[in-house]
Amino acid sequence: MSTDPVFHWARIAAPGKNFAALGKLIEETTLPALERQGGRRWALANGLFGLWNHEVILLTTWPGGAKPDEYLSGELPVGAAVMESYEFVATARPTDTSPLSKPGVYVHRLFGVDSANVERFVELSEEAWRTFETASEYQSEPQGLFRQVDHSETGGLMLLVTWYDRLESWERSRTPPPEAAENFRERALITTRSVAYATRLLGTNPAVRGMGAG
């Protein structure tokens, strides 16, 4: 059994409650209950785009061998449900389980990657980050790159969580330095599908620039 910490990613919905009300209940009741089972908060975030306004993303860390799906499902606020969830282990980042805290925008990207290509996906990401996160046109820093605990031979998922100071930086980063762009192009060739959620940590920066009415 692996002793690596497990990062449990869950998209949680509560129709009839907005994300602020749902997040408050999770902070007040769910997270303390999970802590008693060994789970720790890594990120609790609402969507800027990609999520319904009654959804949040909760990412918790657990010791290897824990049962986060079971614990979370039993400790959700009344009316809330897990819409999708996955168990991951860290690859290149992070190197510890310290929770995210920096104000800004966090983009969660799920990638379909066959197990035979996981190592190359990580290598390409690390190579790209050397110029991607030092570019002067925007502010960005990958926070975590994860693979599923039980990564299936075909179509297993990887998770990338990247911090940006604001949405404008995310938009500008779509044109990264040439060296990073080349690595990202090769990475795309071994990606079978992907989806992105732009979020901000609940309780931080309520007026992120770039979050307009449109």
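Miscellaneous remarks
- Computed from the alpha carbon atoms alone, the convex hull of the range 52-121 holds 155 Å³ per residue.
- Answer label for volume of the Cα convex hull per residue in Å³ (calculated), chosen among [x] 138; [y] 121; [z] 201: [y]
- Residue among SER152, SER125, SER115 with the largest mean-square fluctuation in a Gaussian network model of the chain, springs linking Cα atoms under 10 Å: SER152
- Annotation for ASP69 and ARG120: the two label points, set 7 Å from Cα along the Cα-Cβ direction, are 2.9 nm apart.
- Just so you know, the Rg over Rh for the range 38-165 is 0.96, from Cα atoms, with Rh as the Kirkwood radius.
- For SER136 and LYS102, the FRET efficiency from 1/(1 + (r/R0)^6), where r spans their Cβ atoms and R0 equals 25 Å, is about 0.85.
- Gaussian network model of the chain, Cα within-10 Å springs - most flexible of GLY104, GLY16, GLY144: GLY16
- GNM top mover of ALA21, ALA13, ALA128 - the chain, alpha-carbon springs below 10 Å: ALA21
- Residues ASP4 and GLU171, FRET efficiency given R0 of 35 Å [Cβ-Cβ distance, rounded to 0.05]: 0.50
- Largest first, the extents of the alpha carbon coordinates of the range 6-89 on the three principal axes equal 34, 23, 17 Å.
Where a number appears in this text, it was derived from the coordinates with a stated rule and is not lab data. Note that this is a predicted model, so its numbers are computed, not measured. Every residue, glycine as well, gets a Cβ built from its backbone with ideal geometry; the counts of neighbours run over all protein chains shown.
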